[in-house]
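One structure is given here, and the rest of the page talks about it.
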Amino acid sequence: MLKLVKFILPPLFVGLGIAFLVVWFSPNLKSVALPKLAMPSHYTSSHMSFADSVAKASPAVVTIFSESISSVPRYQRRNTTQELGSGVIMSSDGYILTNYHVVNDADQIMVILTDGRRFYDVQVIGFDTITDLALLKIPGQHLPVIPTNDEFIPRVGDVVLAIGNPLNLGQTITQGVISATGKQTLTDSQYNNLLQMDAAVNVGNSGGALVNSNGILVGITSAQFRTRLNIDIQGISFAVPYQLAKQVMQRLIADGRVVRGYLGFRGTAVDSSGNEVTDLYTPIVGLLISELDPLGPAWQAGMQDRDIIVKVAGQSISNPQKTLQFIGNTKPGTALEFEVLRNGEHRTITLTVAELEINTN
């Protein structure tokens, strides 16, 4: 060991001495600074900030106060019930989307913009209880409009921001990610679907905007589905997707109400080898029929429980959710041809679409 040390140390000291002499007699090397540790050039101070996104979207998110007056006497006085919610300005001439439960049975509605303007002359254009959406109109011009992109498709894992006025604390931003899409378990209709997220949503957020990291509208936030279970829920909230909200808005503008087709069954997606349902070893994508309404068009046309719809109007089913939306968007009175699989045999059934009746009580 001692011999090894004696062998290494002399060359090491000689090398250090030579390096010292080179630096001493080369002043230019003294001025060379060590490279600074820095963030990569594509990262900036604003890279991790959503301030620009909020600046784009927040002016179009409004506060809504609604008041219902009851004629039932209480201590010889009329009772009033107030609701707090938010809304999203969808057009510069004053169309506003919000949740139906925010303005349900309201006798008075007030809309407050972020710049302080107040509107008391608020018109209810229409509402849709299935999606819990309502469309309002205020007499404004050149109003701030929420940014939208019809090509944007929300995906699980997308960062989202919920903008609204929770608990009347003033406009508030909460952040989360999309946890799931196409959720139907909390709604009474298979024609509805929701985005699930983990952004904090409280009373007052209802009807507000859910936007992505670029400030583009992703959906209309709803606190109703969170409170429906009547338990303390953490990290789960919901929103109506923008594309569905836009369809509802267009129908309300055109007709004042949303008319949906009705066939009288519940369809569950089937996307498997099929042997769980039909004992066949061929791939199947379709809708498994259940809960047939004895008075509905499907029952009367001869459909049965456990039938599997594989084609509608000559088109194979590739996305069961879109097929249900197609049926719901079909004008009542239209005849549709269905190809169904029953006990391994293909059958063709033609039925006439009825109108979905909605109970608003």
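The values are calculated or read from the model by the stated rules, or taken from the named source; none is laboratory data. In this text the structure is predicted, and so the values were computed from the model without any measurement. Cβ atoms come from the backbone with ideal geometry, glycine included; neighbour counts cover every protein chain shown. When the accessible area is computed, the model is the full protein with side chains, heavy atoms only, and any ligands, DNA or RNA have been set aside. Shrake-Rupley method; radii C 1.70, N 1.55, O 1.52, S 1.80 Å.
The number of residues in the stretch 312-321 being open to solvent by 70 Å² or more (accessible area, probe 1.4 Å) and either more than 14 Å from residue 271 (Cα to Cα) or in contact with a Leu (Cβ under 7 Å, 6 or more places away or on another chain) (or both) comes to 1. Here residue 85 does not fit the description of being modelled with pLDDT of 90 or more, of a type outside the set (Phe, Trp, Tyr), over 19 Å from residue 203 (Cα atoms) and part of a strand (DSSP E or B).
Cβ separations smaller than 8 Å between residues 6+ apart or across chains give the following pairs from the stretch 293-305 residues that are within 7 Å of residue 264 (Cβ to Cβ) to residues that are open to solvent by less than 40 Å² (accessible area, probe 1.4 Å) and of a type in the set (Phe, Trp, Tyr): 293/265; 296/265; 298/265; 299/265.
Annotation: of all residues in the stretch 196-213 being under 13 Å from the mean Cα position of the chain (by Cα) and farther than 20 Å from residue 89 by Cα, the one that is most open to solvent (accessible area, probe 1.4 Å) is 198.
Out of 356, 336, 341, 324, I need the residue that is open to solvent by less than 80 Å² (accessible area, probe 1.4 Å), in contact with an Asp or Glu (Cβ under 8 Å, 6 or more places away or on another chain) and within 25 Å of residue 182 (Cβ to Cβ). Which one?
Values: 356 fails: in contact with an Asp or Glu (Cβ under 8 Å, 6 or more places away or on another chain); 336 fails: in contact with an Asp or Glu (Cβ under 8 Å, 6 or more places away or on another chain); 324 fails: in contact with an Asp or Glu (Cβ under 8 Å, 6 or more places away or on another chain).
It is 341.
If you check residue 254 against the conditions, is it open to solvent by 20 Å² or more (accessible area, probe 1.4 Å), in a helix (DSSP H, G or I), modelled with pLDDT of 85 or more and aliphatic (A, V, I, L, M)? Taking the combined requirement at face value, the residue satisfies it. Considering the stretch 166-184, the residues that are among the aliphatic types (A, V, I, L, M) and open to solvent by less than 40 Å² (accessible area, probe 1.4 Å) include one that is nearest to residue 217 (Cα to Cα), namely 178.
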